[in-house]
């Protein structure tokens, strides 16, 4: 005899214990950084055997967006001599990076 358990992951993302007004679309709540988000309070792609196959599509789309931006624009730091504000977590993450985007000339 065994017991199946199913975790309703989207419910985790809207818990009142973790978020103020969880039903509202407030993307600014994520701008404060990873330190302000409680661990396991936001699981956008699920996990385990039910891991969202769309994650790979989303990552590929973001990479294509970045390639497209670098293809069409010159990217320069606003203050190139100023050190970047970085945080080391599972990789080096830039907290803030102000850049100029200049359209590349079409030849």
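Bear in mind these aren't lab numbers, they're just calculated from the coordinates by the rules spelled out. Not measured: the values here are computed from a predicted model. Reconstructed Cβ throughout: ideal geometry from the backbone, glycine too, with neighbour counts over all protein chains shown.
As a calculated quantity, the FRET efficiency between residue 58 and residue 25 at R0 = 25 Å, using C-beta atoms, amounts to about 0.90. Fully extending the segment from residue 69 to residue 106 would add 11.9 nm, taking 0.36 nm per residue of separation and subtracting the current Cα-Cα distance.
Give me 94, 52 sorted ascending by neighbouring Cβ count inside 10 Å, so fewest comes first.
Listing 94, 52 from fewest to most nearby Cβ atoms yields 94, 52.
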